[in-house]
Structures are given as C-alpha cells and as structure tokens.
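Visitor: Have a look at this one before I ask anything.
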Amino acid sequence: MKYSNILKITGIIAMVLVIFAGIGCMSDTGESTTEDNQGTDSQQQDDVVLKVFHAGSLTIPFKELEQMYEKRNPNVDVRREAGGSVATVRKVTETGKQADVVGVADYSLVPNMMMPEYTNWYSAFAKNQMVIAYTEDSKYSDEINKDNWYDILRRSDVTFGLSNPNDDPCGYRSQMVTQIAEIYYNDSQVYDDLMASNTAMDTTSNDGTYTVNVPKSENINPNSDKIMMRSMETELSSALEMGEIDYFYIYRSVAVQHGFEFVELPSEIDLSSVKHEDMYSKVKVKRGNGDLSKGKPIVYGVTIPDTVNQKEHAVGFIKLIHSKDGQQVLENNGQPPIVPASTNNINNVPKKLREYF
C-alpha cells in the first residue's frame, strides 16, 4: 500500500474517533451537561409534550418560562392553556382533561378543590395586589386617585370591567375589594352602587363580617351599559385598550405587563399585605356552586396533579419557576416571588424541589 493511502486511512480513523468522543461529552438531549441547566437530570431523546394549565394572569411570565425551558430542553414542547383559575382547576377535576402542571392565582384552590383526589401538595410561589387599571383616554383619568376611585366608577358615564367571580379569583377578589372599600372609606353604598345595582350579586352582613352572594354565572346579569364581565381577567385588557371600557379591576402584574396606568389602592384594601389580613378576612365571597372564598393576601400556587404524564419535566418546569432565573422573570413582570416558597407538607413535595422551601 502506498504511503499516501496509509495517511488518508489514518486521517479518516482519527476523524471518526473525534466525532464519537464529542458525542460522549453530551447529555441524552444533546445539551452540554452543565450545572446551571434548569432542566431535568436525565431526559429521553423522544419529543415530549408538557401540558401546563395556568391562571390568565400568569400568561406572560409563563410564556417566558416556556421559552426558557424549551431552549434548555430541546425535546420538550411546553403547551400552555390559560384560563380563570377556578375554571382551570375544574378542567382537571370535573372535565377530566390531562395536565402535568397546574398554576393558579389563589393557592387555596389547590387544597380546597384538588386535595386529596388530585394532588397532596402545592407551592405558594408569588404575590400580587389588586389595582384599578385605565388608560389616558379613560374618562376622568386626570382626576382618579386612591381616594376617589370608587366615586369615579360611580359616575353614570363611566364603564368598568371585572372577571366572573365563579370562574376567576380576580373576579371574586374584585368583589372583596369593593366591599372592603365600604369599611375603609366609611361609605356604606360603595358595593351597592357599583355591584349590587348593576348585577344580581348582593351582600349580607353579620356581626361585622360580610358575605358577597354570587349567583350562577348565567344569572349574574351584569348591566352591559355599565359593566363588562368576562370569564378571565386578561380578556378585559383588549377591551380597555380599544376604549370599550374606561377602567377594570385587575392584578398589578397584568397592568404592568400591558403598560396600563393604574390606581394603586391602599394596602388595607388591595389584598397585598399580611399586615392587613384581619381587614381582608371581614369579607367572604360565596360562589354560584356554594363554595366560599375568604378575603386574604393574594398568593399564587402551583402543583403537579395526579393526571401527570411527564412527571420528570413537570418537576423540571416547577424547578425553573423557583430558580433565580424564574424569580427574576416573575419580578420583571410585577409578581414578586415568595422566597423561600411555602407549602402545606414538605414531605409530599418532590425531592428535587425541596431546596426551594
């Protein structure tokens, strides 16, 4: 054999060895095995679908987390489905839809609606507060402030929006804020003028506590000349942008994400502070199915339901939520993370997540 041919064969063998050595340095997903990868420790090569059901107010931060997770786990397709948190939970518990992760705007929906049949733990991972959002084109936008917002909403030519209390925590929290305002501002007509006069909802009182009674959704009958009601609070964003309403009750995070102006309510009203929990607890909302929600600080929750198909990636996605990167995403979107997170039972939390509690 000629010497030149020997050199060619030797070169080919060397190239093959280099290629196989490179493959050996990669993880099963084709990613470098670095410590800062927030994905799962071992991954299958087959493409997988991770189904994430979540509150409408988590749409933007969870979209960012979806992109981040998919970049770190190229074989995973995160498919999100947004909705009112009550309706979101019912997809799993009543309609039998399969989900791998469930994130809600009120952590208490997990123990109240999902335990023990569908899960045995949750993580309380982020906070929020209620505000009144508007644009510079809203009527009286140059007048409204934290002391007169309810008077502005009372005006006959002003329209406002809220989400359905039967479907969405933001909806029943808007009822709480309005009723607590009566106490805070010492004005016994705030709830009557804004809600009772324009819907079939009403309030009963007993010994200094109040219960807002919400009929079944088909019987709420909002006065469409005054109030726009939708199943999910984020559906009202486009209505405000298009000038179909002047104001709406919403989370501060959503107002920030959409660039809306907003009235930052007193902390005694806005459901943001543990310091004022006694004030918040004076109001309960009884939904159309008889379930009660008690006024308390706004805390978001996430869990892995028993319908999970992709347990490893469900843990990985929730791990990303709690990581420093995930906390920054929440912070940037106006939803302060809870660090460390809290839970009902640390022993039920997947082991790979316990470091965050």
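Visitor: Being touching a Ser or Thr at 6+ places or on another chain (Cβ under 6 Å) and not acidic (Asp, Glu), is that true of even one residue in region 180-187?
Guide: No, the conditions are met nowhere in region 180-187.
Visitor: With respect to residue 97, determine if the residue is modelled with pLDDT of 95 or more, farther than 22 Å from residue 268 by Cα, assigned to a loop (DSSP other than H, G, I, E, B) and among the basic types (Lys, Arg).
Guide: Details: modelled with pLDDT of 95 or more: yes; farther than 22 Å from residue 268 by Cα: yes; assigned to a loop (DSSP other than H, G, I, E, B): yes; among the basic types (Lys, Arg): yes.
Criteria met by residue 97.
Visitor: Just to be sure before I move on: is residue 234 under 25 Å from the mean Cα position of the chain (by Cα) and open to solvent by 10 Å² or more (accessible area, probe 1.4 Å) in the structure I sent?
Guide: Judged against the criteria, residue 234 is a match.
Visitor: Can you find even one residue in region 331-339 that is of a type in the set (Val, Ile, Thr) and open to solvent by 70 Å² or more (accessible area, probe 1.4 Å)?
Guide: There is at least one residue in region 331-339 that is of a type in the set (Val, Ile, Thr) and open to solvent by 70 Å² or more (accessible area, probe 1.4 Å).
Visitor: Residue 354 versus (1) within 25 Å of residue 255 (Cβ to Cβ); (2) part of a helix (DSSP H, G or I); (3) of a type in the set (Lys, Arg): which is the lone unmet condition?
Guide: Residue 354 satisfies all of (1) within 25 Å of residue 255 (Cβ to Cβ); (2) part of a helix (DSSP H, G or I); (3) of a type in the set (Lys, Arg) except (1).
Visitor: If you scan region 240-251, which residues turn out to be open to solvent by 10 Å² or more (accessible area, probe 1.4 Å) and not in a loop (DSSP other than H, G, I, E, B)?
Guide: 241
Visitor: Further question: Would you list the strands (runs of 3 or more DSSP E) that sit entirely within region 252-308 and hold 3 or more residues that are modelled with pLDDT of 95 or more and open to solvent by less than 30 Å² (accessible area, probe 1.4 Å)?
Guide: Qualifying strands (runs of 3 or more DSSP E): 299-303.
Visitor: Here are 81, 64: which of them is within 14 Å of residue 231 (Cβ to Cβ), open to solvent by 40 Å² or more (accessible area, probe 1.4 Å) and either in a loop (DSSP other than H, G, I, E, B) or in contact (Cβ under 8 Å) with a residue 24 or more places away in the chain (or both)?
Guide: Going through 81, 64 in turn, the sole match is 81.
Visitor: Now, a different point. Using the structure shown, decide if residue 177 is within 26 Å of the chain's Cα centre (by Cα) and either surrounded by 24 or more Cβ atoms within 10 Å (Cβ to Cβ) or in contact (Cβ under 8 Å) with a residue 40 or more places away in the chain (or both). Write out each step before concluding.
Guide: Values: within 26 Å of the chain's Cα centre (by Cα): yes; either surrounded by 24 or more Cβ atoms within 10 Å (Cβ to Cβ) or in contact (Cβ under 8 Å) with a residue 40 or more places away in the chain (or both): yes.
Taking the combined requirement at face value, the residue satisfies it.
For (1) free of Cβ contacts under 8 Å to residues at least 12 places away in the same chain; (2) outside any strand (DSSP E or B); (3) touching a helix residue (DSSP H, G or I) at 6+ places or on another chain (Cβ under 7 Å); (4) surrounded by fewer than 24 Cβ atoms within 10 Å (Cβ to Cβ), each residue gets a yes or a no:
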| position | (1), (2), (3), (4) |
| --- | --- |
| 116 | yes, yes, no, yes |
| 120 | no, yes, yes, yes |
| 138 | no, yes, no, yes |
| 141 | no, yes, no, yes |
| 152 | no, yes, no, yes |
| 162 | no, no, yes, no |
| 166 | no, yes, yes, yes |
| 171 | no, yes, no, no |
| 181 | no, yes, yes, yes |
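Visitor: Would you confirm whether or not region 200-221 contains a residue that is modelled with pLDDT of 95 or more, part of a helix (DSSP H, G or I) and open to solvent by 60 Å² or more (accessible area, probe 1.4 Å)?
Guide: Scanning region 200-221, I find at least one residue that is modelled with pLDDT of 95 or more, part of a helix (DSSP H, G or I) and open to solvent by 60 Å² or more (accessible area, probe 1.4 Å), so the answer is yes.
The values are calculated or read from the model by the stated rules, or taken from the named source; none is laboratory data. Please read these numbers as outputs of a predicted model, since none were measured by experiment. Note that we place each Cβ from the backbone using ideal geometry, even for glycine, and neighbour counts take in every protein chain shown. The area values use the complete protein model at the heavy-atom level, side chains included, leaving out ligands, DNA and RNA. Shrake-Rupley method; radii C 1.70, N 1.55, O 1.52, S 1.80 Å.
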